Structures are given as C-alpha cells and as structure tokens.
C-alpha cells in the first residue's frame, strides 16, 4: 500500500504560486491530505498576497484531489507532543500539525522547508526544493 502524502502549506503554496518545487508536488496532489491548520496558512498567505480568497479556492484545491481534514483535540495533543521531539528546531504549529497528520496516517510529510530534512523525526519527509 502506498503511503499518503501529507502536504505542508509550503508545498501547496509552491504549486499555487508556481514556485520552485511545484513540479515535484503536482504529481502528489491527487489523494494528498492536508490539515485544516495548514489550509489556514495557505489562505492567510493568499490574503497577504492580495488574492481574493473565498470558498472557490478550497473547492478548486479539493477538486484536484487534496483532502483537507479537520483538526481535532487528539490532533492538538499529538501536535503539541511533537514539539518535544525537536524543541529547538523552530517548528511552527502548522509544521507540527502536518507532521502529526503524517504520523497518524502513516504518511509522508511533503514540505518546501529544507530544515525538516535535518530533523530526527519518526515521520518520513519529502523536501521539494
């Protein structure tokens, strides 16, 4: 069975903004998962760029096969516990939410953040640039 790809906001943003690494993320989108926390980051970054954000953006992302999953209490617990794995690594809440979802789903976390490759985590990570 193939492990699901769990997208960090930076991975989806690479595609949406046509940035470096987008070509590596595009083939992973169908069937990819994303935490609602990471989706919030995508929306915030789009707003910061002056993009008119409404339900259409989410519907378009979901139409290409990305499933945006709710962030539940258990997710919050695991996300907080991941801080203990690398407290000095500077992982944001969104970073840890992505890693927690990848751990829960036995998936591969996909990010554009090169620093993740250097961390000693028990979650496989694919860095796209």
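The values are calculated or read from the model by the stated rules, or taken from the named source; none is laboratory data. Being a predicted model, the structure only gives us computed values, none of them experimental. Ideal geometry is used to build each Cβ from the backbone, glycine not excepted, and the neighbour counts take in all protein chains shown.
Computed values, structure above
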{"item": "Subset of the stretch 1-16 [touching a helix residue (DSSP H, G or I) at 6+ places or on another chain (Cβ under 9 Å) and free of Cβ contacts under 8 Å to residues at least 60 places away in the same chain]", "result": "12, 15, 16"}
{"item": "Failed item, numbered, when residue 19 is tested on (1) in a helix (DSSP H, G or I); (2) surrounded by fewer than 19 Cβ atoms within 10 Å (Cβ to Cβ); (3) touching a residue at least 12 places away in the same chain (Cβ under 8 Å)", "result": "(1)"}
{"item": "Verdict on residue 113 being in contact (Cβ under 8 Å) with a residue 60 or more places away in the chain, within 26 Å of residue 2 (Cα to Cα) and touching a helix residue (DSSP H, G or I) at 6+ places or on another chain (Cβ under 6 Å)", "result": "yes"}
{"item": "Answer residue from the stretch 103-114, given it is assigned to a helix (DSSP H, G or I) and more than 13 Å from the chain's Cα centre (by Cα) and is surrounded by the most Cβ atoms within 10 Å (Cβ to Cβ) among those", "result": "104"}
{"item": "Selected residue (criterion: nearest to residue 35 (Cα to Cα)) from residues of the stretch 54-92 that are surrounded by fewer than 16 Cβ atoms within 10 Å (Cβ to Cβ) and under 12 Å from the mean Cα position of the chain (by Cα)", "result": "67"}
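For every residue, the table says whether it meets (1) touching a strand residue (DSSP E or B) at 6+ places or on another chain (Cβ under 9 Å); (2) modelled with pLDDT under 95; (3) in a helix (DSSP H, G or I); (4) closer than 17 Å to residue 12 by Cβ.
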site: 24; (1), (2), (3), (4): yes, no, yes, yes
site: 31; (1), (2), (3), (4): yes, no, no, yes
site: 51; (1), (2), (3), (4): no, yes, no, yes
site: 75; (1), (2), (3), (4): yes, no, yes, no
site: 91; (1), (2), (3), (4): no, yes, no, no
site: 101; (1), (2), (3), (4): yes, no, yes, yes
site: 116; (1), (2), (3), (4): yes, yes, yes, yes
